[in-house]
Amino acid sequence: MTFSINSSAKLAAIASLGLLYSTAVFAQAAPQELTDALAGKFKGTVVTAFGAFADADEVKFNENVKAFEELTGIDIQYESSKQFEAIIATRVDAGNTPDIVDFPQPGLMANFAKAGKLIDLGTYLSADYMQTQYLQSWLDMGTKPGASGDPMLSGIWERVNVKSLVWYPKKAFDAAGYAVPTTWDEMIALQNQIVADGDTPWCIGIESGAATGWAATDWIEEMMLRTNSLEDYDKWTSGELKFKSPQVKKAAESVGSIWLDDNLVFGGTKAIVSTSFGDAPAPMFAEPPKCWLHKQGNFITSFFPKDRELVPGVDYDFFYLPGIDPAYGKPALVGGDIWSAFSDRPEVRAVMAWFTKGEHLKTWLASGGTISPHKDTQLDWYGNDIDRGVAEILAGATSVRFDGSDLMPGEVGAGSFWKEMTAWISGSEDLDTALTNIDASWPSK
Amino acid sequence: MTVTTKRRPSPRAALSGIALALLCLLWLLPTVGLLVSSFRTADDVRSTGWWTVLPHRDWRTVATIEPGKDIDRNGIMEFAGVSGTFEELRAGLVAADGRRVIWLGNRRLGTVQVQELQWKSNLSLTVSNYENVLTGKQYEITNERGVTETLRGDDLSNAFLNSLAVTLPSVLLPLVVGAFAAYGFAWVRFPGRTALFALVVTLLVVPLQISLVPVLSDYVRIDLNGTYLAVWLAHAGFGLPLAIYLLYNYIASLPRELLEAAMVDGASHLTIFWRIVVPLSGPILASYAIFQFLWVWNDYLVALIFIGSQPNVQVLTMRLAEIVGSRGNDWHLLTAGAFVSMILPFAIFFALQRHFVRGLTAGSVKS
């Protein structure tokens, strides 16, 4: 890659890192390896990294670690693959293992932890230290049983994204006199208002090639969190609570109350399955808008139409998908990237420890497009209001839960759950059949 | 006196000509669509089909009517000579004179458009896709001090060269080894020849996927993985059974008398191979080279496993897969990327196509 970097900016970045090193690093019990690395003891070493994120995210990652690399002399060589899930197993089987790996979902990481391939990060990242860096729920989501069956810290969260967001075309939305709903009842009222005005409120699309249906599973998960207890959600994602149970069925029916109503969905229910998830928000930006609301994670802005400059906060904005039952508070559904280590060299320890600090993400946060899960991240580090707003929603959530389909076994979470939801929405199956089929596909232990 | 008769095609030949032309057209249509799409803007690609660049009739607004404040928007309304409910007007009503009256926007704020059918074509073409692909995508990075700079991502040139570096030896290696082996199987008598040949042909049915992990772990053990040599050997190995089988069929059918004459004259096997067999086998060598070239050039899996996707070594197919972005948000760039990656195979094919056709038909008619 040929990038030019401003040398004075480089110096300043190093200077600010040095400052952090002298204050923040010593304030908390960060591992000795990080201190050593920042003192330049591992100059000339290489840490190989492998992950699924590519393109813009890869550039941002490389820029983000540049200052650390220059200060420590550790070269972090990141390699991405679009076929990450398939390749990582082949490479580990053949012994061609990268030092650190970025898993897009903890379910896959759990397999490698169980197979005894991952290093227990708890050996150098103490529980006390980790608790100063992350909320407990993130640590729980990174802790998986190792080969012995005992839980171990298998991965650390670097970046997250929040899914419980509803996007709307702000300019037209304000012009039409609509108000952002803060409760479920207000959202239903808004829906009815839009219908009374002769429009369809929701833009929904779940087509995604072989992965068609994943966007539907997000909705089910949102409704699970809003109509059921967290215990039920956790039991559901671990397989204890069946899809056929009244709780899951209730969540699915809540989704159906919107999706299966032709008046509420642009193009009608039949358009959901044939519309690509990336094209779904486009009708929001037609003039006048053809639909007004679109629920999707913060990444969706990269799919918004590019034929004109859409200014965040002016042309579009988002609100938190309100809770339904006050008893279940304001849950946030998240996805994220978790780093695990396959090697245990000092320089690898230093890099992993570096990733547990919010300040390591500063360049990425300023460039936009990601949210930090770290406790020590300041809101003013975010480069734009959209990301900052998303971070505020995450901070204000009463509970945080990971995308359920990513926690389930691959056969379900990346297979039958997608397919059966698609079959249900397209009308080729009724809800009971779909839920029964998903239960049947759950692998026996 | 010379009589020149103009050859007139027989009806049967004309018919088959037309059928062939139709088939070609049908076959080429998706590629033409891809080519047209590669010159369209991202939003056009997403919203309309490529055929809309051709002239077609579409509604165009000729007048806009502001519905008055006091009109009853829940009842029957009348505009420009047609009347209907809001829902009917939203769907569009065609007046007697062929004009369409359509309500645009919602019930409270919308306007009424009077439209006429007019010829139009979506001719807003752009080369920006090719620009993006050839010079690299642009990314805006703001560092922690708030300084924003624009970075350019990788362009295709590096990947193009890498692909060449992978492909050329991966074609030459099995070609040379395969030709030697085919000659040996065809003209050298040695014990176990038939069994060995049968074994090689049997290898044709072994799918390369099942050997990925064993080969990779061997490569890791001898520290070969991630090098070009690794992928050359892999391609050569996977390509050899077909090479030997294809070349054997051709070389074995060369006239026996020719080779025997050379032998009587005292030529060694090596001399016969270089002076007689290779010059006579031009067409089959060229067609195997094309086969193998296309296969290696378009290969994704073998390169993915044995070289990986580090930017300094990644091949074109891998670069193309990455061009669509982390979540496929830039898939429209694939159109331009596909055409750029096609340039070399096109050139090779047209340069060698004469041999290609001869190679395919050679040996099919026994004299």
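The values are calculated or read from the model by the stated rules, or taken from the named source; none is laboratory data. Since the model is a prediction, treat every value here as computed from it, not as a measurement. Ideal geometry is used to build each Cβ from the backbone, glycine not excepted, and the neighbour counts take in all protein chains shown.
Output the residues belonging to segment A:131-144 that are in a helix (DSSP H, G or I), touching a residue at least 24 places away in the same chain (Cβ under 8 Å) and under 21 Å from the mean Cα position of the chain (by Cα).
Correct list: A:Q133, A:S137, A:W138, A:M141, A:G142.
Do you know which of the residues in segment B:91-130 that are part of a loop (DSSP other than H, G, I, E, B) and hydroxyl-bearing (S, T, Y) is farthest from the other protein chains (Cβ to nearest Cβ)? Before the answer, list the steps.
The first filter runs over segment B:91-130 and keeps only residues part of a loop (DSSP other than H, G, I, E, B), leaving B:92, B:95-99, B:105-110, B:121-124, B:126-127.
Keeping just the survivors that are hydroxyl-bearing (S, T, Y) gives B:121, B:124, B:126.
Values: B:S121: 18, B:S124: 10, B:T126: 11 Å.
Among those that are part of a loop (DSSP other than H, G, I, E, B) and hydroxyl-bearing (S, T, Y), it is B:S121.
I need every pair where a residue in segment A:35-56 that is free of Cβ contacts under 8 Å to residues at least 60 places away in the same chain and within 14 Å of chain B (Cβ to nearest Cβ) has its Cβ under 7 Å from the Cβ of a residue that is among the small types (G, A, S) and not in a loop (DSSP other than H, G, I, E, B), sequence separation at least 6 or different chains.
Listed by first residue and then by second, the contacts come to A:A52/A:S80; A:A54/A:S80.
Please list, ordered by residue number, the helices (runs of 4 or more DSSP H) wholly in segment B:210-320 having 3 or more residues that are more than 27 Å from A:V92 (Cβ to Cβ).
B:228-251, B:256-264, B:269-272, B:282-297
Would you check which residues across segment A:194-248 are assigned to a helix (DSSP H, G or I), under 20 Å from A:P281 (Cα atoms) and within 14 Å of chain B (Cβ to nearest Cβ) and list them?
Across segment A:194-248, the qualifying residues are A:I194, A:V195, A:W214, A:A215, A:D218.
Looking at B:F349, B:F293, B:F273, B:F356, which one is at pLDDT below 85, more than 14 Å from chain A (Cβ to nearest Cβ) and over 29 Å from B:S128 (Cα atoms)?
Numbers: B:F349 fails: over 29 Å from B:S128 (Cα atoms); B:F293 fails: at pLDDT below 85; B:F273 fails: at pLDDT below 85.
Selected residue: B:F356, the only one of B:F349, B:F293, B:F273, B:F356 that is at pLDDT below 85, more than 14 Å from chain A (Cβ to nearest Cβ) and over 29 Å from B:S128 (Cα atoms).
Only one of B:T142, B:T148 is surrounded by fewer than 19 Cβ atoms within 10 Å (Cβ to Cβ), touching a Ser or Thr at 6+ places or on another chain (Cβ under 8 Å) and either among the aliphatic types (A, V, I, L, M) or within 10 Å of chain A (Cβ to nearest Cβ) (or both). Can you tell me which?
Residue meeting the stated conditions: B:T148.
Residue under question is B:R57, and the condition is that it be surrounded by fewer than 17 Cβ atoms within 10 Å (Cβ to Cβ), more than 14 Å from chain A (Cβ to nearest Cβ) and over 18 Å from A:A196 (Cα atoms); does it hold?
So B:R57 passes the test.
Can you find a residue that is part of a helix (DSSP H, G or I) and either in the same structural domain as A:F266 (by TED's automatic domain parsing) or modelled with pLDDT under 95 (or both) anywhere in segment A:146-162? Don't jump to the end; show me each part of the working.
To start, the set of residues in segment A:146-162 that are part of a helix (DSSP H, G or I) comprises none.
Scanning segment A:146-162 turns up no residue that is part of a helix (DSSP H, G or I) and either in the same structural domain as A:F266 (by TED's automatic domain parsing) or modelled with pLDDT under 95 (or both).
Within segment A:36-74, restricting attention to residues that are more than 30 Å from the chain's Cα centre (by Cα) and surrounded by fewer than 21 Cβ atoms within 10 Å (Cβ to Cβ), which residue is farthest from A:I87 (Cα to Cα)?
Once the filter is applied, the top-ranked residue is A:A39.
Could you please give the count of residues in segment B:300-328 that are facing another protein chain (nearest Cβ under 9 Å) and more than 21 Å from the chain's Cα centre (by Cα)?
Here the count works out to 7.
Restricting to segment A:86-130, name every residue that is within 13 Å of chain B (Cβ to nearest Cβ) and not in a loop (DSSP other than H, G, I, E, B).
Correct list: A:A86, A:I87, A:I88, A:A89, A:T90, A:R91, A:V92, A:D93, A:A94, A:D102.
On the basis of being of a type in the set (K, R) and in contact (Cβ under 8 Å) with a residue 12 or more places away in the chain, does A:K242 make the cut? Don't jump to the end; show me each part of the working.
Numbers: of a type in the set (K, R): yes; in contact (Cβ under 8 Å) with a residue 12 or more places away in the chain: yes.
So A:K242 fits the description; yes.
Mind checking whether some residue in segment B:71-88 is in contact with a strand residue (DSSP E or B) (Cβ under 7 Å, 6 or more places away or on another chain), surrounded by 15 or more Cβ atoms within 10 Å (Cβ to Cβ), within 14 Å of chain A (Cβ to nearest Cβ) and without any contact (Cβ under 8 Å) to a residue 12 or more places away in the chain?
yes
Could you identify the single residue in B:T31, B:T48, B:T41, B:T2 that is modelled with pLDDT under 85 and among the polar types (S, T, N, Q)?
Values: B:T31 fails: modelled with pLDDT under 85; B:T48 fails: modelled with pLDDT under 85; B:T41 fails: modelled with pLDDT under 85.
Matching residue, one of B:T31, B:T48, B:T41, B:T2: B:T2.
Would you point out the residue of segment A:368-392, among those that are part of a helix (DSSP H, G or I) and either within 17 Å of the chain's Cα centre (by Cα) or closer than 15 Å to A:N161 by Cβ (or both), that is farthest from the other protein chains (Cβ to nearest Cβ)?
Taking segment A:368-392 and keeping what is part of a helix (DSSP H, G or I), we get A:379-381, A:385-392.
Still in the running and either within 17 Å of the chain's Cα centre (by Cα) or closer than 15 Å to A:N161 by Cβ (or both): A:386-392.
On the way: A:I386: 14, A:D387: 12, A:R388: 14, A:G389: 18, A:V390: 17, A:A391: 16, A:E392: 20 Å.
So, considering only residues that are part of a helix (DSSP H, G or I) and either within 17 Å of the chain's Cα centre (by Cα) or closer than 15 Å to A:N161 by Cβ (or both), the one farthest from the other protein chains (Cβ to nearest Cβ) is A:E392.
For A:M352, which of the numbered conditions (1) buried (at least 19 other Cβ atoms within 10 Å of the Cβ); (2) assigned by TED's automatic domain parsing to the domain that holds A:T183; (3) hydrophobic (A, V, I, L, M, F, W, C); (4) in contact with a helix residue (DSSP H, G or I) (Cβ under 7 Å, 6 or more places away or on another chain) fails to hold?
For A:M352, the failing item is (2).
For A:K295, work out the one condition from (1) closer than 19 Å to A:I204 by Cα; (2) touching a helix residue (DSSP H, G or I) at 6+ places or on another chain (Cβ under 6 Å); (3) more than 11 Å from chain B (Cβ to nearest Cβ) it doesn't fulfil.
(2)
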